[in-house]
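Peer 1: Before we start, here is the structure in question, set down as structure tokens.
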Amino acid sequence: MIFKRMNRFLSAILSLTLLLTVLAGCSGQNPPAASSAPSSAPVSSEPAKPTETPAAGTVDYAATLKLDMSTATAKTEVTVKTYIDGDTTHFHVPDEVMKNGVLKARFLAINTPESTGKIEEYGKAASRFTKEKLSAATSIILESDTEGWNADSTGDRYLVWVWYKTAEMSDYRNLNVEILQNGLAIANSSANNIYGDVCMAAIRQAREQKLYVYSGTPDPDFYYGEAIELTLKELRTNIESYSGMKVAFSGIISANSGTQGVYIEDYDAETDLYYGIYIYYGHNLTGTGLDVLTVGNEARIVGSVQYYEGGGTWQVSDLSYRLMKPNDPNNVQKLSGGHSASYRLTDPDTFVNGEVSIRTEDKTVTAPYAAMVLGTSVEMKNLQVTDIYTTTNEDSSSRGAMTLICQAGGVPVTVRTAVLLDADNQLITEDAYAGKVIDVKGIVDYFDGAYQIKVFSANNITIH
């Protein structure tokens, strides 16, 4: 949110006309309204971009800096562990730098727009830029602003300069400054560091050339609809804050519940967790709109966050698809196909007794492991079936569904099945699993105050 306010302020300086457009099109915590950009998504207008042949007078400030290994600032050579976003990357470092061998780097002097929480304009472009530069590097050096490694406000990330070199380069380039001069970040204590003068000069040039965040034009990767653009991680870790709100996010459709709903999940590299949620489409979708929610599709979901009292869980509902306007930013949309559910292999003790803490910019969210991965796909092996209950209510659509009470290393795990049919379309009953050791693939579910694994197909239960 800080980035958005500063970016709007900078855009206002460019012209009075742009200021009026922004003020007319923005309110609260929503992205700019459709009136400030074309109604289709992504928009077609393109911001000014750096070119391979810079305009006369353009300075390559990233090249004016030279890495001096003889200075007193802390330095280390690293390799990339995980790409996070435009200004955050996790690196493998020597154990003497970090005891666990991993340094979570927050780039000094820059603040790129968000792409891992609430999605902001040009956040995806900044994230792509950083990944492209570092993935091509043959050598990467991290440098601190002082003789030691300094943590940021979260206490978990360290403030660094990132220098990289490719096979074609004779000298290292400073990625922080390169991001600034390309207009993919705004200032963040940019003047108060060892390279402050160069950082400020790079920012001034990017602003003068109206590059990306200073362009005043819509981001072609950003959806300018009515919904709050965010990630599943942001939604799941702040779910109550979005109650009743219209949100938009993307993920992989992992399972079909068979009752007018599907499950969707998305991987977050920073926490190494999948986040998921149940999508209830009811009678709102038919035809093309319903096809978007096919298992294996990567989909963009736009809907309302609701608490389902009957199940004691959160879900997203009120989905829509306007056939005559397929690019309407308020539509559900298929982004790609051919994917698979993660079915992350999960230890029973972690599932039942584990706890995770997720650090965000302004708080730490602590919850049971199963609660944090609710709605995601998991795999669990070597479960001993000790008891089975079958739904026998004649009036229930779940008649024949089973609850398998299992044990694994003394840890109780509950597996709930849908109504399962064999290859001959015959009902599978308790005899198939009683007393057996099984492997299961299913969705983390919540029922009657406890977490369980929901299995929707007989193919997802393997008997030893």
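Peer 1: Please report, in debye to the nearest 20, how large the charge dipole of the chain is about its Cα centre when each Lys and Arg carries +1 at its beta carbon and each Asp and Glu carries -1 there.
Peer 2: On the way: 37 positive and 55 negative charges, 193 e Å.
The calculated dipole for the chain is roughly 920 debye.
Peer 1: Can you pull the Kirkwood radius for segment 254-359, inverse mean 1/r over Cα pairs, to one decimal in Å?
Peer 2: 15.3
Peer 1: Sticking with this structure for a sec: Using a 1.4 Å probe on the protein heavy atoms, what percent of the accessible area of the chain belongs to carbon and sulfur? Write out the running numbers ahead of the final one.
Peer 2: On the way: 10330 of 21450 Å².
Ligands and nucleic acids excluded, carbon and sulfur give 48 percent.
Peer 1: Moving on. For Ser357, put the label point 7 Å out on the Cα→Cβ axis and report which residues of segment 261-288 keep their amide N under 16 Å from it.
Peer 2: What the label zone holds, given the 16 Å backbone N cut-off, is 271.
Peer 1: Hey, any idea what the orientation-averaged projected area of the convex hull of segment 314-446's Cα atoms comes to, in nm²?
Peer 2: If you wrap the Cα atoms of segment 314-446 in a convex hull and average its projections, you get 12.7 nm².
Peer 1: Tell me the mean residue ellipticity at 222 nm calculated for the chain from its helices only (DSSP H runs of n ≥ 4, each -39500 (n - 2.57), averaged over every residue, nearest 500).
Peer 2: Working: 10 runs with 81 residues, N = 464.
Mean residue ellipticity at 222 nm (helix-derived): -4500 deg cm²/dmol.
Peer 1: Still on this structure: Quick check for you: with a 1.4 Å probe and neighbouring chains kept, what is the accessible area per residue of the chain, in Å²?
Peer 2: Spelled out: the 1.4 Å probe surface of the chain, per residue, equals 46 Å².
Peer 1: Turning to a different aspect of this structure: Go ahead and run the numbers for FRET between Ser320 and Ser153, Cβ-Cβ distance against an R0 of 51 Å, rounding to 0.05. Present the calculation step by step, with values, prior to reporting the outcome.
Peer 2: Values: r = 40 Å, r/R0 = 0.78.
My answer for the efficiency is 0.80.
Peer 1: Measuring from label point to label point, each 7 Å out along Cα→Cβ, what is the Met98 to Ser396 span in nm?
Peer 2: Taking the two extended label points, one gets 4.8 nm.
Peer 1: Let me ask something additional. Under 12 Å from the Cβ of Thr73, count the other residues' Cβ atoms, weight Lys and Arg +1, Asp and Glu -1, and hand me the total.
Peer 2: Values: positive: Lys75; negative: Asp68, Glu143, Asp145, Glu147.
After counting each charged neighbour, the total is -3.
Peer 1: So, R0 is 25 Å and r is the distance between the beta-carbons of Gln384 and Asp422; what FRET efficiency does that work out to, to 0.05?
Peer 2: Taking R0 as 25 Å, the efficiency between Gln384 and Asp422 is 0.65.
Peer 1: Quick one: net charge of Lys131's neighbours, Cβ under 15 Å, K/R +1, D/E -1?
Peer 2: Result for the neighbourhood of Lys131: -2.
Peer 1: Can you give me the Cα centroid spacing of segment 319-378 and segment 180-229 in angstrom?
Peer 2: Using only Cα atoms, the two centres lie 30 Å from each other.
Peer 1: Can you compute the modelled spin-label distance between Leu335 and Val365, with each label point 7 Å from Cα toward Cβ, in nm?
Peer 2: Once both label points are built, they end up 1.8 nm from each other.
Peer 1: Among 365-376, 421-432, 135-146, what's the highest-first ranking by average C-beta atoms within 10 angstrom per residue?
Peer 2: Top to bottom by mean Cβ count within 10 Å: 365-376, 135-146, 421-432.
Peer 1: Could you pull the accessible area for His464 with a 1.4 Å probe, rounded to 10 Å²?
Peer 2: So the heavy atoms of His464 present about 120 Å² to solvent.
Peer 1: Taking the Cα centre of segment 325-411 as the origin, how large is its charge dipole in debye, to the nearest 20, when only Lys and Arg (+1) and Asp and Glu (-1) carry charge on their Cβ atoms?
Peer 2: Values: 7 positive and 10 negative charges, 67 e Å.
Approximately 320 debye in magnitude.
Peer 1: Moving to a separate point now. Filter Lys66/Lys99; Lys81/Lys133; Lys49/Lys124; Lys133/Lys210; Lys233/Lys363 down to the pairs with a C-alpha to C-alpha distance above 19 Å, please.
Peer 2: With Cα atoms farther than 19 Å apart: Lys66/Lys99; Lys133/Lys210.
Peer 1: In whole angstrom, note down how far apart the Cα centers of segment 445-464 and segment 106-125 are.
Peer 2: 38
The values are calculated or read from the model by the stated rules, or taken from the named source; none is laboratory data. Since the model is a prediction, treat every value here as computed from it, not as a measurement. Note that each Cβ is placed from the backbone with ideal geometry, even for glycine, and that neighbours are counted across all protein chains shown. Remember, those area values only see protein heavy atoms, side chains included, never the ligands or the DNA or RNA. Shrake-Rupley method; radii C 1.70, N 1.55, O 1.52, S 1.80 Å.
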